[in-house]
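The structure appears below as structure tokens.
Where a number appears in this text, it was derived from the coordinates with a stated rule and is not lab data. All values reported here derive from a predicted model rather than from experimental measurement. FYI the Cβ positions are ideal-geometry reconstructions off the backbone, even for glycines, and counts take in every protein chain you see.
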Amino acid sequence: MSGRTSAVAVVTVLLPLLALLLGACGGGSSSSSGIDGTRLAVLAFSHDGRTDTFRDELLRIDLTAAVRRASIVPRAIGVFSGPNLRTPVPGAFIRGGDHGTPGRADVLWFDPTRTQEHLDRFPRGRPLAEIPMNRVFGLEEQAAHRIVASSPTSGYHLEDRAGRPLLEGWIGDFTTGSGYVPEDVPPAFVGIDGNHTLGFVPACGMDGLVEYDAKILIEFSEAIHPATLDLGGTTEVVNLDVVDHLGRPI
């Protein structure tokens, strides 16, 4: 009888210990929303409260867990400005690591110099620097802005990789200055498709020929100062089929 009592006592002591160990290792839990047991929430915003944000600056949002790429949609997270901070601001959200951006899947970047539709035309493996900007001036200068991540009750929300929603809604405020990010990287010719292709208006035909009076579109990696576009100086168009008496293209 005493032996049976001792065995029961040992089991009674071991069961609580086993439960504690399972809890510490994350076993037996069904309430977590991340693959690693971390609830998805906004951890930090690089420009929260700033009043000197550059108009073309990438904005960084750090999350507590990896975000599911398919959940990054306009109604789930967006940037707003204008009266009452309710006017949507065009731009593109990029998950960390995509297009060569720093960070991993628990980081979101907002690019104010490219729209989401434009950026999504390019493969995620192409570096951002090689993708033409289609909003070269970026954010409105000296204006209040707000980033809003919708709450899970809204029906549109960020999700972790397990498909579980953001823990709660979030708001971050910042104000732009009038300047742009200082840089020493010169502009580069990228072409209308990012592959160094010239554009024409009207477009060239199936035979590759263009009209004699077609306009030529030359797209660069960033905005070009108009004063530096000097036809015959910094820019020159030559006809390779017509040469002068020395054999040089005219």
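Can you order the peptides 80-91, 49-60, 125-136 by their average number of other Cβ atoms within 10 Å per residue, highest first?
Going by the mean number of other Cβ atoms within 10 Å, highest first, we get 49-60, 125-136, 80-91.
May I ask for the net charge around S150, where only other residues with Cβ less than 11 Å from the Cβ of S150 are counted and Lys, Arg are +1 while Asp, Glu are -1? Working shown, then result.
Details: positive: R75; negative: E168.
Result for the neighbourhood of S150: 0.
If I model a spin label as a point 7 Å beyond the Cα along the Cα-Cβ vector, how far apart are those points for D184 and K215 in nm?
3.7 nm
Full-extension gain between S46 and T153, please, as 0.36 nm times their residue separation minus the C-alpha to C-alpha distance. The partial results should precede the final answer.
Working: separation 107, 0.36 × 107 = 38.52 nm, distance 2.60 nm.
Residue separation times 0.36 nm, minus the Cα-Cα distance, leaves 35.9 nm.
How much length is gained if the chain between R121 and A162 is pulled fully straight, taking 0.36 nm per residue apart and subtracting their Cα-Cα distance, in nm to one decimal?
Details: separation 41, 0.36 × 41 = 14.76 nm, distance 2.64 nm.
Roughly 12.1 nm would be gained on extension.
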